[in-house]
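For reference, the structure is listed below as structure tokens.
The values are calculated or read from the model by the stated rules, or taken from the named source; none is laboratory data. Values in this document were obtained by computation on a predicted structure and should not be read as measured data. Cβ placement follows ideal geometry from the backbone for every residue including glycine, while neighbour counts extend to all protein chains displayed.
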């Protein structure tokens, strides 16, 4: 088997065994349970996780969900406000105090994600962050719940984020 098989196997085992990750996921599940409206933001692969979770949380958990994933909306906001401010402006237009934002960034350093997360916090929102690469990335300091997978592998980080959100969803509706 390839070295990547072992790498994924070892990293997933390590993070599944982490009490810190488990407690954060449990707290995140409680926040999701209590939220009326859930927003998801991310770039690239994380953005596709957002689209998937928006649909699953709406369908299975009966949550009012939104994500910054529509191509026309993304290009409109990016054109009018610039990439670094696009999601922040979307948050200003849609977010209400008490809403929950799930911010996903593998690096935890994407300026557009950081700006939108700070704005949601300023607007009295609840925040769950999912990040990776480094334990002390910028996004990991902004949430009410912060889950960091400190591995420099997009595949491991993105897949673990997706699994965590599925586990939290299963805890909500099963």
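The table for this structure:
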{"quantity": "Residue 165 vs. criteria in contact (Cβ under 8 Å) with a residue 60 or more places away in the chain and buried (at least 22 other Cβ atoms within 10 Å of the Cβ)", "calculated": "yes"}
{"quantity": "Test: residue in the range 39-47 that is surrounded by 22 or more Cβ atoms within 10 Å (Cβ to Cβ) and either over 26 Å from residue 173 (Cβ atoms) or over 11 Å from the mean Cα position of the chain (by Cα) (or both)", "calculated": "no"}
{"quantity": "Residue 54 surrounded by 14 or more Cβ atoms within 10 Å (Cβ to Cβ), more than 18 Å from residue 120 (Cα to Cα) and modelled with pLDDT of 95 or more", "calculated": "no"}
{"quantity": "Single condition residue 87 does not satisfy, out of (1) farther than 17 Å from residue 172 by Cα; (2) crowded, with 22+ Cβ neighbours inside 10 Å; (3) within 13 Å of the chain's Cα centre (by Cα)", "calculated": "(3)"}
{"quantity": "Subset of the range 125-149 [surrounded by fewer than 17 Cβ atoms within 10 Å (Cβ to Cβ) and either in contact with a helix residue (DSSP H, G or I) (Cβ under 9 Å, 6 or more places away or on another chain) or under 21 Å from residue 58 (Cα atoms) (or both)]", "calculated": "134, 144"}
{"quantity": "Residues being at positive phi and either in contact (Cβ under 8 Å) with a residue 60 or more places away in the chain or surrounded by 21 or more Cβ atoms within 10 Å (Cβ to Cβ) (or both) - total across the range 107-124", "calculated": "1"}
{"quantity": "Test result for residue 21, in contact (Cβ under 8 Å) with a residue 40 or more places away in the chain, under 21 Å from residue 145 (Cβ atoms), touching a helix residue (DSSP H, G or I) at 6+ places or on another chain (Cβ under 9 Å) and not in a helix (DSSP H, G or I)", "calculated": "no"}
{"quantity": "Residue ID - surrounded by the fewest Cβ atoms within 10 Å (Cβ to Cβ), chosen from residues in the range 5-18 that are more than 13 Å from residue 164 (Cβ to Cβ) and in contact (Cβ under 8 Å) with a residue 60 or more places away in the chain", "calculated": "7"}
